[in-house]
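Okay, so here's the structure we're looking at.
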Amino acid sequence: MNEALLEVKDLTVKYVTDLETVHAVNRISFSLGRGQTIGLVGETGAGKTTTALSIMRLLPERTGKVTGGEIRFAGQDLLAMPEHEMQAIRGEKIAMIFQDPMTSLNPVMTVGDQIAEALDLHNDQGRSREQIQERVDEVLSMVGIPPQRKSEYPHQFSGGMKQRVVIAIALACEPELLIADEPTTALDVTIQAQVISMIRELRDRLQTAMIMITHDLGIVAQTCDNVAVMYAGALIEIGSAEDIFLGGDHHPYTVGLFGSIPNLRSKAKRLTPIPGLMPDPTHLPEGCSFSPRCPHATEQCRTAPPAVYTRGSHRICCHLFADREGWKEDA
Ligand code: SF4
């Protein structure tokens, strides 16, 4: 990886209520270079969105707590930063595209005003009203929406067009890091393909670093340089896209993820779902969290948490790799 723009180290996040504690993210570490894209993949409840909200410092105020670790962005410690400084970073240097464009947009503001509002909030360059309107036109054109439509309201746009507006708002200030949280989940398949190729093209043009959160391995293969697989709040495998898509060694959960997606080249007649469900995050199993669902689980897996094993930049957290050739325990 080139010089790290974002470094997440041993991040641990809990949701604490009077009744229970949810162990949402458990000591995850990864880094991201400028202009690079990392895919965060895993089932619903794996901790992907909580990781993103922690980076944005948007965890629910009363219950969400970062209880350990560090998040450094361009060398600055985001978790130690006063809220007013974080507000200057949020939207301008780090922007997020949320899952559902219907709830991300204000229904009583024109789309042009919503983009202008983002520019106005972070107007370090002292743009005049005319210059802000010019920039609104520019970003609308960038996402393929004719600027004449800026005076229309969100309900006048289709689902795919609304998501383009959300992307235009996120990109208006040219952030250094863009977090896209399931950006195409609410869209139908043909529109998904258009939106993904547009995000890719804009990322390449603007050299924006990106975290792509998805459970769709196809999207990851099309967009990401590196891939991090999360399970029950932990990062169980991370590597380059080649390691994950072309390499032979994988965490049993990653093998399960690949087995549960359609592959036209595979001779298998049926998909192989991963049996069982993600463990209850208020009571994670002792040992390896995947052990209740893993076909290779042993007594050791049920009692002792596995170490992380590495081969080059590829890291896997699983007892199976303790004596596998070419792999060594992470110091
Ligand atoms: Fe399966 Fe054991 Fe590896 Fe966990 S540590 S993934 S249970 S083999």
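Side notes on the structure shown:
- Qualifying positions in the stretch 114-162 - touching a helix residue (DSSP H, G or I) at 6+ places or on another chain (Cβ under 8 Å) and of a type in the set (Lys, Arg): ARG127, ARG135, ARG149, LYS150, LYS162
- For the stretch 87-97, the set of residues classified as buried (at least 16 other Cβ atoms within 10 Å of the Cβ) and out of contact with any helix residue (DSSP H, G or I) (no Cβ under 7 Å at 6 or more places or on another chain) consists of ILE89, GLU92, LYS93, listed by residue number.
- Qualifying residues in the stretch 38-55 (those that are assigned to a helix (DSSP H, G or I) and among the polar types (S, T, N, Q)) - the one nearest to PHE98 (Cα to Cα): THR49
- Verdict on ASP124 being part of a loop (DSSP other than H, G, I, E, B), in the same structural domain as ALA193 (by TED's automatic domain parsing) and more than 22 Å from the chain's Cα centre (by Cα): yes
- Candidate set: the stretch 8-25, residues that are closer than 11 Å to THR50 by Cα and out of contact with any Pro (no Cβ under 9 Å at 6 or more places or on another chain); chosen: the one most open to solvent (accessible area, probe 1.4 Å): LYS14
- Meets criteria (within 13 Å of the ligand (Cβ to nearest atom), part of a strand (DSSP E or B) and modelled with pLDDT of 90 or more) for ILE238: no
- Every residue from the stretch 205-235 that is within 16 Å of the ligand (Cβ to nearest atom) and of a type in the set (Ser, Thr, Tyr): TYR231
- Selection from the stretch 275-305 of residues that are near the ligand (Cβ under 8 Å from one of its atoms), outside any loop (DSSP other than H, G, I, E, B) and either touching an Asp or Glu at 6+ places or on another chain (Cβ under 6 Å) or open to solvent by 30 Å² or more (accessible area, probe 1.4 Å) (or both): GLN300, ARG302
- Out of GLU130, GLU117, one residue alone is assigned to a helix (DSSP H, G or I), at pLDDT below 95, over 30 Å from LYS48 (Cβ atoms) and open to solvent by 60 Å² or more (accessible area, probe 1.4 Å). It is GLU130.
- Residues of the stretch 164-179 that turn out to be under 13 Å from MET210 (Cα atoms) and more than 16 Å from the chain's Cα centre (by Cα), as a count: 2
- In the stretch 308-331, of all residues being open to solvent by less than 30 Å² (accessible area, probe 1.4 Å) and of a type in the set (A, V, I, L, M, F, W, C), the one that is nearest to the ligand (Cβ to nearest atom) corresponds to CYS318.
Table: residues versus (1) modelled with pLDDT under 90; (2) open to solvent by 60 Å² or more (accessible area, probe 1.4 Å).
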| position | (1), (2) |
| --- | --- |
| GLN192 | yes, no |
| THR208 | no, no |
| HIS215 | yes, yes |
| LEU257 | yes, no |
| PRO262 | yes, yes |
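- Which listed residue, of LEU5, LEU53, LEU40, is within 27 Å of VAL255 (Cβ to Cβ) and either buried (at least 17 other Cβ atoms within 10 Å of the Cβ) or of a type outside the set (A, V, I, L, M, F, W, C) (or both): LEU40
- Of the numbered criteria (1) out of contact with any Asp or Glu (no Cβ under 7 Å at 6 or more places or on another chain); (2) polar (S, T, N, Q); (3) surrounded by 12 or more Cβ atoms within 10 Å (Cβ to Cβ), the one THR110 fails is (1).
The values are calculated or read from the model by the stated rules, or taken from the named source; none is laboratory data. Nothing here was measured: the structure is a model prediction, and the numbers come from that model. All Cβ positions, even for glycine, are placed from backbone atoms using ideal geometry, and neighbour counts span all protein chains on display. Just so you know, the surface numbers come from the protein's heavy atoms only, side chains and all, with ligands and any DNA or RNA stripped out. Shrake-Rupley method; radii C 1.70, N 1.55, O 1.52, S 1.80 Å.
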